[in-house]
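Notes to accompany the following structure.
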Number of protein chains: 2
Amino acid sequence: MDTFTPTPASIPPPGVRYNLREVTTSPNHHALNPLAFILRAAQIYPDKVALIHADVEFPVRYTFAVWAQRIQNLAYALIKAGIKPGDRVGVISPNAWARHYHTRYISLPPLVFLYSQDAHHAVIAARGVITPINTRLKPSEVAYIIEHSQAKLLLVDHECKHLVAGHNVPVIISNDTGRVGDPYEQFLTEGRQFSKEKGWPGLMPELDENAAAVLCYTSGTTGRPKGVVTTLRGSYLAAIANAAEGQMNANSTYLWILPMFHAAGWTFPWSCSFSFATQITLRTVNFTHIWKHFLHSGVTHYCAAPTVQIGIVNDPHAKKPPQVVTAIIAGAAPTAHLIGELERTGINPVHVYGLTETYGPFTRNYPQPSWATISLDERARLMARQGQAFATAEDVRVVFPYPEGVEDGPLVDVPRDGKTVGEIVTRGNIVMKEYFRDSAATKKAFAGGSFHTGDLAVMHPNGTVAILDRSKDIIISGGEASQNASSLAIEQELSSHPHVLEVSVVARPHVKWGERPMAFVVLHPQHEGRWKGRHADFEADLKNHAKSKLPGFACPEWVEIVPELPKTSTGKILKLELRKIVAKL
Amino acid sequence: MDTFTPTPASIPPPGVRYNLREVTTSPNHHALNPLAFILRAAQIYPDKVALIHADVEFPVRYTFAVWAQRIQNLAYALIKAGIKPGDRVGVISPNAWARHYHTRYISLPPLVFLYSQDAHHAVIAARGVITPINTRLKPSEVAYIIEHSQAKLLLVDHECKHLVAGHNVPVIISNDTGRVGDPYEQFLTEGRQFSKEKGWPGLMPELDENAAAVLCYTSGTTGRPKGVVTTLRGSYLAAIANAAEGQMNANSTYLWILPMFHAAGWTFPWSCSFSFATQITLRTVNFTHIWKHFLHSGVTHYCAAPTVQIGIVNDPHAKKPPQVVTAIIAGAAPTAHLIGELERTGINPVHVYGLTETYGPFTRNYPQPSWATISLDERARLMARQGQAFATAEDVRVVFPYPEGVEDGPLVDVPRDGKTVGEIVTRGNIVMKEYFRDSAATKKAFAGGSFHTGDLAVMHPNGTVAILDRSKDIIISGGEASQNASSLAIEQELSSHPHVLEVSVVARPHVKWGERPMAFVVLHPQHEGRWKGRHADFEADLKNHAKSKLPGFACPEWVEIVPELPKTSTGKILKLELRKIVAKL
């Protein structure tokens, strides 16, 4: 087997220093900037493995010292290419869905690309704004983002070339090999030459911690995506909070399952550098790969939505890894069944909640000592709540919506009764700076001085936030508010049926009641044989199960078995698609 | 035994909220303030034990909810007493040295007082500036601090009354009981009444994160103490860094051995709230108490100087605790002997370095993977270095001193050769705001745009800082720079003699060489019998030991066995006192 050696330009010079240019600023104040973490990691642990790019033809390993040199090379290359402070640099990762393994359960998005890791640090070092682009978008959607972001340069994987055809923005192609001859490596080598060995001290630090760090487009299921601008200060504080919540340290190994283009990977590129953790990136992700790394690469942490977690625990390779693995779960609430399965597999679930606009997670479901003595079902019900604010968030509230026609003004908290539905709002350092070039949307999102998440929730007496549903996910049954059913609550209960792998519930028009719940179910592969050709029997069985758990108005009126659920590239279930199916019934 | 119940005023009202008054600020920016951590801890873990005040007649336990209420009461009481934003509030803890147990090894300072814990949060909540006062000072020194700080109010333990006699600053006395009838409890009760149950939302948050948080007077061994002003932003960031370096979490229990009046307890009052850790405070500290808590109270973390650590490992109660205990060591470098003893006792040493002006620790000696295969002596030699910058420090450098007559200007790094001696300087968010009412000293300390520590060090090729000595601790032997001996290096080698408990080396005039090292040695109690009446034999034995480890000019010319070494209240050896002894020889 060919062994890997970094390109000559990736080797740091002897006596390298990890300080940016010294500028006369205050002796007792410096701008918060997550770039500091990789510089410090390279300074303290130069020879520790920082990055493993696995499951490619020739696996790539970079130490912190080599990786930092590559980041520096990219920063210089960007400056040479004309990137000025504040300019956007687009990054498009490989689009390799054809290679997926377990399409049966879930189609994992392609993620992983050495240069996206580089870019999350180097674009900031060049004082540009990294603009990660979702690889599952259509060329027309990519075109919109390129134009809206006014990107000055695109870093594009060789498999994504077709997505950027026809633009006149300069493109650097990466073959993702890390080898001499790769156009991206050539770009880095030119950066190194351009640096004239001025090194880190040749780069100017950003002096404004409120400068933009990332421009991330939301994967809105309807309408144009919005460009979320985050800052250096927010990224620094969110990254530290994520490292603290995950209890990451120099012995941690983080496996990339979450796409880095999703809310800058929830700031984990920087959380890992802060913690001196090793990161494993993959070119294509499937559950065989995941289990290989859980069992043999010492993985201690990963992030993923519940749908992905379901795929993980149901993979035939699943068995207890030799080390504790912490699963950071967001995107939807984990069900009791999933929590039980994860724990049985030796995986420690941490449930967090957030949006692109909040740098990824900004609340966590904090485990309570009292949970030691309650049943798994009861615990799972409590763990499904979105929880309470991260240390670096200012506050998290649930407030009444403005009355019809009112668009701004003071926000009024709903009572802490676990019943009154309002909208989750939050404020502080880990809220985005703005929607890019969209002051109207920014103004609306910041009405009343807080960021409006659009998520409907209740506030429990102990201050815990629990999402019910996006407003359209409330099933209005009978017109009485007390009989409004949360599709999320119904899903939680249906998923406790042992033969259900995944379930999604939407409203379906009903002659008598106005609306009634309809459930779309993916059967567990171990049990699907039993119901083959007997869908009506399964329907009856599931309805019976529901009746023992839910009030009548919340029991599904219809149950449909489907081979898989439609999902976004980040694993969120596309209820819009299910509603389209319902509309045609 | 009488059981403890909190005073009625300490019980939070039902439905308490942990947000300060809502003010119209930015939705995406809030002032960093370590007060946020206790509010969040009380919100998320209201019923978890936050504070245990042990080893008093009736031990006191407060949950986070109760403790937060007491902090709130104190904040209101301070406001009622006329404290305005920016006003200084002095705190003087019990002065109980008469009670010390092991005066034979070291006289631990008195520390610990419930209300100092309260004050570290409540004074900030009232937007005042906490001014902890060292209890070992003479009344005239306390008078200087009261006058210089212009304190508006003093919180004084009943045993310290004599220290504040004759001042006309209002004084609140605490009997440190937590019980009705204690004047401090009465003060809190009045605060609660004054609040009219407006709770946390009745308190205005500080909107300027660069506002002063603490005014701490340095325990300078010569001259007037200087008032070090730190900020809310710096305290927030330093506290998070300390929690991260110690890997603290909700399962941690922190034992107060370090006095809280020393650099605000290195920000650990806030690190503990950030981590949801339980804190154990003591009224008097001795090694029997410490071991009781190591063995039976689940202690996982403590901070102390090496001299205190020596007392800990040599206590007859020492045995491996059931949990891992992390010892955060600063004030001087731990010797190989001490590191070995700590590890054998199941204590994990973390060596950090800092000053009051840097919020306590700002560098850490980061353990390296390569240390797994080297000898303890070799590892201890590497671990004795002060290390590299914390995540929240901007940079740490070793620079040439300014030439004679020059007082400001660019700083030039010494070569990274592990040999060239310069001064440690640092910059960034965890450097103090200023010396209070002393712009000349501030200007001098910030010359060239960095804070000057006054500590002389070398920079090793890997970027690790290693202190040699304060300039006066260099022994100038023969007048040639290459023969200047570091007393610290000599102490490191002498302490590896198995019969040495503690050793301190100072320069003593020498007819031929100008200066030569003189060693003051405390014998280990297990071995002192052997050398009884044979001091000259021990001297020969130690000199022999030195010869095998040190160049001739660094070997002690004189060895004096002493029963104990003179120390400051924070456990630093007072070399000044040893030099006075030498001057009389």
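Quick check on segment B:192-274: what does the Kirkwood estimate of hydrodynamic radius come out to from the alpha carbon pairs, in Å?
With all distinct Cα pairs of segment B:192-274 included, I get 15.1 Å.
Rounded to two decimals, the Cα radius of gyration of segment B:145-254 over 2.2 N^0.38 Å is 1.36. Panel note: contact residues of segment B:425-444 (accessible area lowered by at least 50 Å² against the chain on its own; 1.4 Å probe) correspond to B:Arg427, B:Asn429.
Value of Rg to Rh for the protein assembly as shown, rounded to two decimals, is 0.98; Kirkwood radius and Rg both from alpha-carbon coordinates. Extending 7 Å from the Cα toward the beta-carbon at both A:Glu378 and B:Ser370 defines two label points whose distance is 5.5 nm. When B:Asp417, B:Asp176 are compared by accessible surface with a 1.4 Å probe, the order from highest to lowest is B:Asp417, B:Asp176.
Of all DSSP beta bridges in segment A:119-241, what percent run antiparallel (nearest 5)? So the antiparallel bridges in segment A:119-241 amount to around 50 percent. Given R0 = 60 Å, the distance between the Cβ atoms of B:Phe400 and A:Arg224 translates into a calculated FRET efficiency of 0.55. Between copies, B:Ser548 shows label-point distances of 7.7 nm, shortest first, with the point placed 7 angstrom from Cα along Cα to C-beta. Rounded to the nearest Hz, the phi-derived 3J(HN,Hα) couplings of segment A:349-356 under the Karplus curve 6.51 cos²θ - 1.76 cosθ + 1.60 (θ = phi - 60°) are x, 10, 9, 10, 9, x, 9, 4, where x marks glycine and proline. The relative contact order of chain A, computed from alpha carbon pairs under 8 Å that lie at least 6 residues apart in sequence, is 12 percent. Shape summary: segment B:508-585 maps onto an equivalent ellipsoid whose semi-axes, from the alpha-carbon gyration tensor, are 20, 20, 12 Å in decreasing order. The H on the amide N of B:Ala213, modeled in the peptide plane, is under 5 Å from the matching H of B:Thr230, B:Thr231, B:Leu232, each at least 5 residues off or on a different chain. Calculated [222 nm] ellipticity per residue, helices only, for chain A: -8000 deg cm²/dmol; basis is -39500 (n - 2.57) per DSSP H run with n ≥ 4, divided by all residues, nearest 500. Once the C-beta distance of B:Lys196 and B:Phe58 is scaled by a Förster radius of 22 Å, the resulting FRET efficiency is 0.10 to the nearest 0.05. With all pairs of different C-alpha atoms in the average, the Kirkwood value for the hydrodynamic radius of segment A:17-79 is 13.4 Å. Surface composition of segment B:536-585: carbon plus sulfur atoms contribute 54% of the solvent-accessible area (1.4 Å probe, protein chains only, all chains present). In this structure, the amide hydrogen of A:Gly360, modeled 1.01 Å from its nitrogen in the peptide plane, lies closer than 5 angstrom to those of A:Leu355, counting only residues at least 5 positions away or on a different chain. Each residue of segment B:324-341 is assigned a 3J(HN,Hα), and the resulting list reads 6, 10, 9, 9, 8, 10, 8, x, 6, 7, x, 7, 4, 4, 5, 4, x, 5 Hz, derived from the Karplus form 6.51 cos²θ - 1.76 cosθ + 1.60 (θ = phi - 60°), x at Gly and Pro. Extension gain, B:Asp541-B:Gln323: 0.36 nm per intervening residue step, less the Cα-Cα distance, totals 74.6 nm.
Using a probe radius of 1.4 angstrom, the carbon and sulfur fraction of the accessible surface of segment B:180-327 is 55%. Could you check how many percent of all C-alpha pairs in chain A are farther apart than 39 Å? For chain A, the share of Cα pairs beyond 39 Å comes to 28 percent.
Taking both sides together, the accessible area buried where A meets B is about 4600 Å² for a 1.4 Å probe.
Annotation: amide H of A:Val500 within the under-5 Å range of A:His524, sequence separation 5 or more or interchain, hydrogens built in the peptide plane.
Straight-distance candidates among the lysines for linking to A:Lys84, with alpha-carbon spacing under 30 Å and chain neighbours fewer than 8 residues away dropped: A:Lys138, A:Lys152, A:Lys161, A:Lys196, A:Lys198, A:Lys226, A:Lys433, A:Lys443. The alpha-carbon of A:Lys584 sits under 21 angstrom from the alpha-carbons of these lysines, leaving out residues fewer than 8 places away in its chain: A:Lys472, A:Lys512, A:Lys567, A:Lys575. Placing a label point 7 Å from the Cα of A:Asp413 along the Cα-to-Cβ direction, the residues of segment B:196-213 whose backbone N falls under 19 Å of that point are B:196-206. Please name the residues of segment A:351-383 whose accessible area, counted over protein heavy atoms with a 1.4 angstrom probe, falls by no less than 30 Å² between the chain alone and the full protein assembly. The answer is A:Tyr366, A:Gln368 - residues whose exposure falls by at least 30 Å² when every protein chain is included.
Looking at the protein assembly as shown alone, DSSP beta bridges between its own residues are antiparallel in about 55 percent of cases.
Backbone N atoms of segment A:487-505 closer than 19 Å to the 7 Å Cα→Cβ label point of A:Lys532 belong to residues A:499-501. Share of Cα-Cα pairs in segment B:255-362 beyond 22 Å, in percent? I get 26 percent for the Cα pairs in segment B:255-362 exceeding 22 Å. Each listed q (0.31, 0.33 Å⁻¹) maps to a log10 I(q)/I(0) for segment B:422-467 from the Debye sum over equal C-alpha point scatterers, namely -1.13, -1.18. Backbone geometry of segment A:417-431 corresponds, through the Karplus equation with coefficients 6.51, -1.76 and 1.60 at θ = phi - 60°, to 3J(HN,Hα) couplings of 10, x, 10, 5, 8, x, 10, 6, 10, 8, 9, x, 5, 10, 10 Hz, x marking Gly and Pro. Restricted to Cα atoms, segment B:355-463 shows a radius of gyration and a Dmax of 15.4, 52 angstrom.
Got a sec? What order do A:Ser149, A:Ser370 fall in by accessible area at 1.4 Å, biggest, i.e. largest, first?
I get A:Ser370, A:Ser149, largest accessible area first.
In segment B:121-224, Cα pairs under 8 Å separated by at least six residues give a relative contact order of 34 percent. Heavy-atom accessible area for B:Lys512, with the other protein chains in place and a 1.4 Å probe, reaches approximately 150 Å². Counting only DSSP beta bridges with both residues in chain B, the antiparallel share comes to about 55 percent.
The values are calculated or read from the model by the stated rules, or taken from the named source; none is laboratory data. Bear in mind that the values here come from a model prediction, so they are computed numbers and not experimental data. Using ideal geometry, Cβ is built from the backbone for each residue, glycine included, and neighbour counts are taken over all protein chains shown. Side chains are part of the model used for accessible areas, which takes the heavy atoms of the whole protein and leaves out ligands, DNA and RNA. Shrake-Rupley method; radii C 1.70, N 1.55, O 1.52, S 1.80 Å.
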